[in-house]
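The structure appears below as structure tokens.
The values are calculated or read from the model by the stated rules, or taken from the named source; none is laboratory data. In this text the structure is predicted, and so the values were computed from the model without any measurement. Positions of Cβ are generated from backbone atoms using ideal geometry, with glycine treated the same way; all protein chains shown enter the neighbour counts. Heads up: the accessible areas ignore ligands, DNA and RNA and are worked out on the full protein's heavy atoms, side chains in. Shrake-Rupley method; radii C 1.70, N 1.55, O 1.52, S 1.80 Å.
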Amino acid sequence: MTFPVTDSLLHRLGWDDGWEATFAEHRAAGLLPARVAVQHRGAYDLIHDEGEQRASAANRLVREEGLPAVGDWIGLDPTTNLIEALLPRRTSISRKEVWQATREQILAANVDVAFLVQALPLDFNLRRLERYLAMAWESGAQPVVLLTKTDLVDDVQRYLDEVETVTLGSCPVHGVSARTGNGLDELRTWLEPNKTAVLLGSSGVGKSTIVNALVGEELLATQEVRVDDQMGRHTTTRRELILVQSGGVVLDTPGIRELQLWDADLEQTFGDVEEIARRCRFSDCNHDREPGCAIQEALADGSLASDRWQSYVKLQRELEAIEARRNHLLRQERVREYKIRARANRPKKKR
């Protein structure tokens, strides 16, 4: 996308006095503020007050702070065309990289609103939604559940009510149809000037179609919905910042096939489950066969759904396994460093 060049382009992208204060030392060093719009292999498309520019990250930056991500605010050296500084992220939505037990993948940085998108009827899955909610609450962004393709079902309210059984009123839930336009005006209220929203969900849920509707033009490629299964296939292959008419910014993302958590806020996502657990007779209750277990009582009388409890246990175990693996590798690294120091300090033998 070509961004219009304006004197306040950075501010339209979310730049404010807080960012300016954080950037002061970098500006004094001759760097220019810019935001990462697209991440390529080995390069980045940046946006600054003079428009768009492609640049690379300095080796020192990658070595000391890691790779920038889409949504990051950075300091660009205009003389070398290198990204030399990475501003601390206010929010960060991340997952564990597939097949990499100890590597974090940043999906979006510095976003204010996380749209958690599911398409009706075939993509609707409460257990997957709980996983997305746990990730979003941990990020610091405001989660908003977005049910798309509402024109394909007769009873939208039934799905909205089911979502409320897992959100418990903690976040907004919207139904929207890009085809009919229903719900788009309500969705636009979240895209305020200087605010950034990200669309997260599986392939084919209509994220790019929603972006096109918000922007007002066929900016992103989409594919027709098939009649047989009512699901399209995603065409988005990269994360990209897009400026919308309201002045806000939306970040479109490729479909997520498997969301493996890196960190998560289970207390916020499963507040009802943890409230019940606090009523157990013993503080170290395993919620199995202990006497006075409030969880088992709630499962027995139906006040806690079995599938919700199993979802909570599964995510809890998943996070514990990741933490154990990280701690194991950290101990290994400390042992290696100790051995290196020991060899360096070992007295040399006299010949």
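Structure notes:
- Computed FRET value (nearest 0.05) for ALA300 with THR79, which takes r as the C-beta separation and R₀ as 56 Å: 0.20
- The chain: C-alpha pair distances exceeding 40 Å, %: 23
- Considering only the chain, percent of DSSP beta bridges that pair antiparallel, nearest 5: 60
- Cβ-derived FRET efficiency at R0 30 Å, ASP154 paired with LEU184, nearest 0.05: 0.90
- Within the accessible area of the stretch 1-129 (1.4 Å probe), percent carbon and sulfur: 48
- Translational diffusion of the stretch 1-136, estimated by Stokes-Einstein from the Kirkwood radius over alpha carbon pairs at 20 °C in a medium of 1.002 mPa s, is 130 µm² per second.
- Cleavage-rule hits (chymotrypsin sites (Phe, Trp or Tyr not before Pro)) in the stretch 1-100: DSSP loop, at most 10 neighbouring Cβ within 10 angstrom: TRP99
- Cβ-based net charge around GLU164, under 14 Å, with every Lys or Arg adding one and every Asp or Glu removing one: -2
- Each principal axis of the Cα cloud of the stretch 242-351 was taken in turn, and the coordinate range along them, longest first, works out to 81, 58, 23 Å.
- Atom-type composition of the exposed protein surface of the stretch 137-188 places 43 percent of the accessible area on carbon and sulfur (1.4 angstrom probe).
- Cα-based shape type of the stretch 137-220, given that a ≥ b ≥ c are square roots of the gyration tensor eigenvalues and the cut on a/c is 1.5: oblate
- Anisotropy class of the stretch 71-172 from Cα gyration tensor, a/c 1.5 cut: prolate
- Relative contact order, whole percent, for the chain stands at 15, derived from Cα pairs under 8 Å and 6 or more residues apart.
- Cross-link reach list, aspartates and glutamates versus LYS314, counting only Cα pairs under 12 Å and skipping chain neighbours closer than eight places: GLU130
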